[in-house]
Amino acid sequence: MKSIISVLSALTLAFLCSANRATAAGNDCKGTVLKANIGPGPTQPPITGTATLCIEDSGVRGEVDAQDLFPGHAYTVWIVYFDNPDNCQMPGACAHPDVISPYDPQAVLGRFSSGIPSGSKMIFSGSINGLRLSSGSDVRLVVLRHPMASDDNRERARQLLSPQDPELGTPGMGVWVSGPVAQGENVGAAKFYPIP
């Protein structure tokens, strides 16, 4: 629960990190390139860095160039998509209730990337072929920090493949074996809004 509340807290803070269009020069994106700074999440200490989103006819891909990471900890990056932000409880300002609503939530959430940094910096890359983003939609890349990467392969898989937050739905998004408190803590988010 804490991580999702943290996710949405960072999502609301992410307005500080509005996306800027960038030229496609220097990369292989054949569509629209958006860049945004990573805004701090509610968990201290937050991370810093930048995120890039490439929107093409074939789908969406992107990178999170993160700094100030804890070496040896597991990190996951989540894409949060609000198709029509005007339908959120606070129109245009989507937040936590729009993600966890048990009936037809406005947000669609999925894992974008994950990894275990050996130092304080890491680039997380992800892609979703076939994903189409509506004009005016709101896309966020949210970074969760998990505990030190486990030596137990099953637990390590939970750390790298799920947000470890039972509030999002067991067993896929988190299991109670680690307790009711979320293991993934929001340390930063990049907001791309509005999508052109």
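The condition (being outside any loop (DSSP other than H, G, I, E, B), closer than 17 Å to I47 by Cβ, in contact (Cβ under 8 Å) with a residue 24 or more places away in the chain and basic (K, R)) is satisfied by just one residue among R111, R140: R140.
Can you work out which of the residues in the stretch 65-103 that are assigned to a loop (DSSP other than H, G, I, E, B) and among the aromatic types (F, W, Y) is surrounded by the most Cβ atoms within 10 Å (Cβ to Cβ)?
F70
Tell me whether the stretch 139-148 contains one or more residues that are surrounded by fewer than 21 Cβ atoms within 10 Å (Cβ to Cβ), under 17 Å from the mean Cα position of the chain (by Cα), more than 23 Å from F70 (Cβ to Cβ) and modelled with pLDDT of 95 or more. No, that holds for no residue. Within the stretch 157-196, if we keep just the residues that are among the β-branched types (V, I, T) and closer than 20 Å to V139 by Cβ, the residue that is modelled with the highest pLDDT turns out to be I195.
Annotation: H73 fulfils all but one of (1) modelled with pLDDT of 95 or more; (2) out of contact with any helix residue (DSSP H, G or I) (no Cβ under 9 Å at 6 or more places or on another chain); (3) not hydroxyl-bearing (S, T, Y); the unmet one is (2). Residues in the stretch 93-116 that are more than 27 Å from A157 (Cβ to Cβ) and at pLDDT 90 or above: 3 in all. Taking the criterion of being part of a loop (DSSP other than H, G, I, E, B) and among the hydroxyl-bearing types (S, T, Y), the residues of the stretch 114-137 that qualify are S118, S120, S134, S135, S137.
The values are calculated or read from the model by the stated rules, or taken from the named source; none is laboratory data. Quantities reported herein were computed from a predicted structural model and do not represent experimental measurements. Heads up, the Cβs are rebuilt from the backbone with ideal geometry, glycines too, and the neighbour counts pull from every protein chain shown.
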